[in-house]
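Engineer: I'd like to ask some things about the structure below.
The values are calculated or read from the model by the stated rules, or taken from the named source; none is laboratory data. Since this is a predicted model, take the numbers as computed values, not measurements. Note that each Cβ is placed from the backbone with ideal geometry, even for glycine, and that neighbours are counted across all protein chains shown. Side chains included, ligands, DNA and RNA excluded: accessible areas come from the protein's heavy atoms. Shrake-Rupley method; radii C 1.70, N 1.55, O 1.52, S 1.80 Å.
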Amino acid sequence: MRCESKRRFLLLYATQKGQAKAIAEEIWQQAGAHGFEADMHCISEMDKYNLEAEKDPVVIVISTTGTGDPPDTARKFVKKIQDKTLPPDHFAHLQYGLLGLGDSEYMFFCNGGRIVDRRLQELGAQHFYDTGLADDCVGLELVVDPWIDGLWLALKEALQLQKEKEGMNNAVNPVSSSLSTAPHAVHELKLSSEVQNLKLEDEGARGSDTLSQKVDDISIVAPARDAKPSLVHSVPPISQSALNIPALPPEYIEVEFQDTQGENPHLSSLISEGATFEVPVTKAVQLTREDAIKTALFLELDIADTAFEYQPGDAFYVICPNNVSEVEELLHILGLSEKGDDFVCIKVKQGTKKKGASRPQHIPERSTLRFILTWCLEIRAIPKKAFLRALVECTSDVGEKRRLQELCSRQGASDYTHFIRDSNVCLLDLLHAFPSCKPSLSLLIEHLPKLQARSYSVSSSNLYQPGRLCFVFNVVELPAGPSRPVSRKGVCTGWLAELVAPLLHSSKNSLDTKRESSLIEKISIFPRRNNAFHLPEDPSVPFIMVGPGTGVSPFIGFLQHRQKLREQHTDWEFGETWLFFGCRHQDRDYLFKQLLCFLENGTLTHLKVCFSRDSSTAEVAPPKYVQDLLRLCAKEVARVLLKERGYFYVCGDKKHMADDVSDAVVDILSMEMEADKLEAMKVLAMLRESKRYLQDVWS
């Protein structure tokens, strides 16, 4: 099809960490092969498009951030369309399709997309294509790929209807590409049998956006009869299949090496979210015994000389570097060990075919190569399929090249999920597994995402400890495995543990130990906005806290704050407080035995604890988990939530705890209200909506 006959549609993306933008770029790239021209913009660039006057179909790709908010780039757009003075037919002329990105590990799955979708519907806009909700928990591509595949037919039909409407000068409702024509129905494309059983396309069935390759196109070493698939080896049928692989992403970055003179930018210049604060670590204590399964550390920061403000329950970010030895290893593999301290200038490649190519904002215009690899790029990121596709071109060994093609192909989706995504494989793991792969520095800058600051819950009260900010974390351990040749620690927790090791050893496991000035290290932090995880404004309102393991961390701040308020306001009425805490062993990882002090002085009304791995000789086995404790206190929990309109807080692991606690609360409500489970779930939903059931969870 000739360029001048291509049909236009508007393509908008709203991204937080780059996922939505990358998917929008994939749509833009494929559009040409299907006879369309995508007019692509970030949704924040409201001066470059006008939905009020838009006649062509609109495609929106939008992620979710925080506790279910639209990304920062969509805030102005959302505020604009949520104007209550807009009439219900404001967007009656608009046809759109929306792809939402989210993670079902979190409570408000794809809520950023849902908010925009629901509001556009309320303002009269109509779907020309079903809404897709992609889940990062199981793999975005499981929904994204088929959603994009179906988009082109839906666009064709929408534009054909538009043409008929203009020709006949009649009102013709745009139709969905599915069976439904209800103008206000949202049809969500989720994981289903239809998605899981997608037919693989034959060679030539798609345009230039894919490459179909038969098994006899390249030489393949036949696997042994009993061979099992792995990161580097495949077995039939995929090893003998023709492959549909993504288009090769266009190169767009140019790296120019300069001299070794100058200074690297300050870390604060890497953060766009607001002011950063460099603060000293004044105390470090290991809260767990050496033989505990996990190592939990307590750190205290001195914020007295800063403008950093917080409330109990807030969270904050720590700016952390990549592991030094991993950076050096990467420099060695790239053949750039001697150039680590050379300054480099990052530019957009002239003549690039990448739409809207620009220098990544998280890369300074001028800094040393070592600074970029240490502070700017997430070298531990799980490689996306587009990155694997680009690495194919850098691989000389035929067998290795074929395996990388398989891993990024449609047919290899299961292998990608198992051997890369679920195994937390990173770039270094791939370069070890495929030694003939020699990527350029520019390719890494193009494909590695921004090194994200890590978020931690505050474990203190500024009222109780003025000028101090405390937090607790487990040192993350990533064991070696078939896809990872060496064990590793978490990027930030491993760095923090190493940073405070001298202070840690000097403190001798006491929370009361004073600092030694010669051992002080500093870290850079900044606040995390929009957190609703706070104490009730009315101190007379009772509340329940559920925090096993390091999930108890923010509740220490709650109780410190409450204790100080009780001391300062003896005439106030204070509601009862409940804490449900659990850990594996009472003598190894009972993190805060000072909880007993809060119980003794009346700050904490009820303390319920359980130890899941301790053996018991009691006739009746004690409860093992916090959800078991909750069920034992069912009447009291229901009383606090239903009769006294109290608050319920949950902090900790999402997958292995928070969902079980939620289920326990539903059971309790159902039993105490003498209602069915559906009714109890509605009550819990109402508690969430009214911000009386609050979670601070991680996956």
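Engineer: Which peptide among 522-528, 492-498 comes first, and what is the full order, when sorted by highest mean count of other Cβ atoms within 10 Å?
Structural biologist: 492-498, 522-528
Engineer: Right, something else. Could you go through segment 417-431 in sequence order and give the Karplus-derived ³J(HN,Hα) for each residue, using 6.51 cos²θ - 1.76 cosθ + 1.60 with θ = phi - 60°, rounded to whole Hz, and x for Gly and Pro?
Structural biologist: The phi angles translate into 4, 6, 8, 10, 5, 5, 8, 6, 6, 10, 4, 4, 4, 5, 5 Hz.
Engineer: Would you mind checking the tilt of helix 659-673 against the longest principal axis of the Cα atoms of the chain, expressed as 0 to 90 degrees and rounded to 10?
Structural biologist: Relative to the chain, helix 659-673 is tipped by roughly 70 degrees.
Engineer: Under the rule of at least 5 residues apart or a separate chain, name every residue whose amide H is placed under 5 Å from the amide H of Gly97.
Structural biologist: Val58, Val59, Ile60, Phe128
Engineer: Quick one: Karplus J couplings for segment 433-447, per residue in order, coefficients 6.51, -1.76, 1.60, θ = phi - 60°, nearest Hz, x for Gly and Pro?
Structural biologist: 6, 10, x, 7, 7, 10, x, 7, 4, 4, 5, 5, 5, 5, 10
Engineer: Can you send over the carbon and sulfur percentage of the accessible area for segment 7-162, probe radius 1.4 Å, protein chains only?
Structural biologist: Carbon and sulfur together cover 51 percent of it.
Engineer: Put +1 on the Cβ of each Lys and Arg and -1 on the Cβ of each Asp and Glu in the chain; which of Gln258, Asn531, Leu441 then has its Cα farthest toward the positive end of the dipole?
Structural biologist: Positive-most Cα among the choices belongs to Gln258.
Engineer: Using 7 Å Cα-to-Cβ label points, what is the Lys228/Thr306 separation (nm, one decimal)?
Structural biologist: A separation of 4.7 nm, rounded to one decimal place.
Engineer: I need the per residue convex hull volume for the chain, using only the alpha carbons, in cubic angstrom as a whole number.
Structural biologist: Taking only Cα atoms, the chain has a hull volume of 205 Å³ per residue.
Engineer: Can you tell me the order of 311-321, 564-574 when each peptide is scored by its average per-residue count of other Cβ atoms within 10 angstrom, highest first?
Structural biologist: 311-321, 564-574
Engineer: What is the dipole size for segment 543-697, taken about its Cα centre, with +1 at each Lys and Arg Cβ and -1 at each Asp and Glu Cβ, in debye to the nearest 20?
Structural biologist: 320 debye
Engineer: Run down the lysines and flag those whose C-alpha is under 24 Å from the C-alpha of Lys6, throwing out any fewer than 8 positions away in its chain.
Structural biologist: Once the sequence-local lysines are set aside, what remains near Lys6 is Lys21, Lys48, Lys55, Lys156, Lys163, Lys165, Lys353, Lys354, Lys355.
Engineer: Would you mind checking the tilt of helix 677-689 against the longest principal axis of the Cα atoms of the chain, expressed as 0 to 90 degrees and rounded to 10?
Structural biologist: Orientation of helix 677-689: about 90 degrees from the principal axis.
Engineer: Continuing with the same structure: For the ranges 97-103, 457-463, 437-443, what's the packing order if you count other beta-carbon atoms within 10 Å of each residue, average per peptide, and put the highest first?
Structural biologist: 97-103, 457-463, 437-443
Engineer: With a probe of 1.4 Å, find how much accessible area the chain has per residue, and write the answer as a whole number in Å².
Structural biologist: 48 Å²
Engineer: Oh, and also: Which angle between 0 and 90 degrees, to the nearest 10, do you get for helix 553-568 versus the longest principal axis of the chain when only C-alpha atoms count?
Structural biologist: Orientation of helix 553-568: about 40 degrees from the principal axis.
Engineer: Under a plain spin-label model, where a point goes 7 Å from the Cα along Cα-to-Cβ, how far apart in nm are Lys593 and Glu365?
Structural biologist: 5.8 nm
Engineer: To the nearest 10 square angstrom, what accessible area does Cys426 show with a 1.4 Å probe?
Structural biologist: Approximately 0 Å² of Cys426 is accessible to the 1.4 Å probe.
Engineer: What distance in nm separates the two pseudo spin-label positions at Arg118 and Lys677, each 7 Å out from Cα along the beta-carbon direction?
Structural biologist: 2.4 nm
Engineer: Before anything else, pin down the relative contact order of the chain: Cα pairs under 8 Å, at least 6 apart, normalised by residue count, whole percent.
Structural biologist: 11 percent
Engineer: Also: Could you go through segment 232-249 in sequence order and give the Karplus-derived ³J(HN,Hα) for each residue, using 6.51 cos²θ - 1.76 cosθ + 1.60 with θ = phi - 60°, rounded to whole Hz, and x for Gly and Pro?
Structural biologist: Karplus values, whole Hz, x for Gly and Pro: 9, 10, 10, 10, x, x, 5, 5, 10, 9, 6, 10, 9, 10, x, 5, 6, x.
Engineer: Going toward the positive end of the dipole of segment 307-349, with +1 on Lys and Arg Cβ and -1 on Asp and Glu Cβ, which of Tyr317, Leu336, Val348 do you reach last?
Structural biologist: Of Tyr317, Leu336, Val348, it is Val348.
Engineer: For segment 322-451, give the percent of accessible area contributed by carbon and sulfur heavy atoms, probe 1.4 Å, rounded to a whole number.
Structural biologist: 49 percent
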